[in-house]
Amino acid sequence: MKCPYCGHPDTRVVDSRPSDEGAAIRRRRECPSCGRRFTTYERTQLEPLMVLKRDGRKEPFNPDKLLRGLLLACEKRPVDREVLKRFAYTFEDQVPGPEISSEEIGLKAMAFLKELDHVAYIRFASVYREFDSVERFIEEIRRLSELPPVDKKEGA
Ligand SMILES: [Zn+2]
């Protein structure tokens with residue numbers, strides 16, 4: 001299994017246990033190159049992570065689609081593309097269940113962007129939440145401006 005952080009082609013399994021009532025095997029892996037750890041879930045192919053859409057339909061989770069949304073929001077922003085890729089391609093690790101709603105994916109992505117870049121967050125939120133009025137949009141920006149600036153968080 002390739003390391004999602006540094007791309008090293010082989011990683012070591014440090015822990016392995018059943019998950020999701022035996023429907024999956026959760027493996028903790030360690031990269032011998034960069035030393036970082038990540039989790040993989042092994043499932044039968046009949047049960048890929050499914051996304052429950054707003055219209056009630058389901059489709060298999062697609063990390064490329066998530067990444068496209070993130071890249072669009074971060075266009076011309078000082079955000080490391082590798083950080084976005086890592087988020088998209090390790091996203092399934094953060095979801096233990098067999099299913100997630102598209103709404104939850106959006107909320108997780110928004111929480112992630114909020115930490116990275118406020119402009120990217122607002123862009124993503126404006127598409128995702130489909131602000132129906134200028135007032136709501138301004139309200140969101142006002143809420144954000146009450147947050148401490150991202151660049152002052154170092155050492156926190
Ligand atoms: Zn690595």
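FYI, it's all coordinate maths here, none of it is from the lab. Quick caveat, the model's predicted, so the values are computed rather than measured. Cβ sites come from the backbone with ideal geometry, for glycine too, and all protein chains shown count toward neighbours.
Taking square-rooted eigenvalues a ≥ b ≥ c of the alpha carbon gyration tensor, is the range 1-116 rounded, prolate or oblate, where a/c under 1.5 means rounded and, failing that, a/b exceeding b/c means prolate?
On the way: a/c = 2.30, a/b = 1.09, b/c = 2.11.
Oblate, because a/c is 1.5 or more while a/b does not exceed b/c.
Could you give the length gained by full extension between ARG143 and LYS108, i.e. 0.36 nm per residue of separation minus their alpha carbon distance, to one decimal place? Walk me through the intermediate numbers first.
Numbers: separation 35, 0.36 × 35 = 12.60 nm, distance 1.81 nm.
So the chain would gain 10.8 nm between ARG143 and LYS108.
Taking a threshold of 19 Å on the Cα-Cα distance, which of the pairs LYS53/LYS76; LYS2/LYS108; LYS53/LYS114; LYS85/LYS114 fall above it?
Details: LYS53/LYS76 29 Å; LYS2/LYS108 24 Å; LYS53/LYS114 23 Å; LYS85/LYS114 16 Å.
From LYS53/LYS76; LYS2/LYS108; LYS53/LYS114; LYS85/LYS114, over 19 Å: LYS53/LYS76; LYS2/LYS108; LYS53/LYS114.
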- Note on the structure: Heads up, the range 26-82 by the C-alpha gyration tensor (a ≥ b ≥ c square roots of eigenvalues; a/c under 1.5 rounded, else a/b over b/c prolate, else oblate) looks oblate
- Message: With 10 angstrom as the radius, rank PHE124, PHE112 by how many other C-beta atoms surround their C-beta, starting from the fewest.
- Response: PHE112, PHE124
- Message: To make sure I understand, if each residue's beta carbon is the centre and we count other beta carbons within 10 Å, what order do VAL119, VAL14, VAL83 fall in, fewest to most?
- Response: VAL14, VAL83, VAL119
- Message: Could you tell me the calculated FRET efficiency between GLU21 and LYS53, based on Cβ-Cβ distance and R0 = 30 angstrom, to the nearest 0.05?
- Response: 0.75
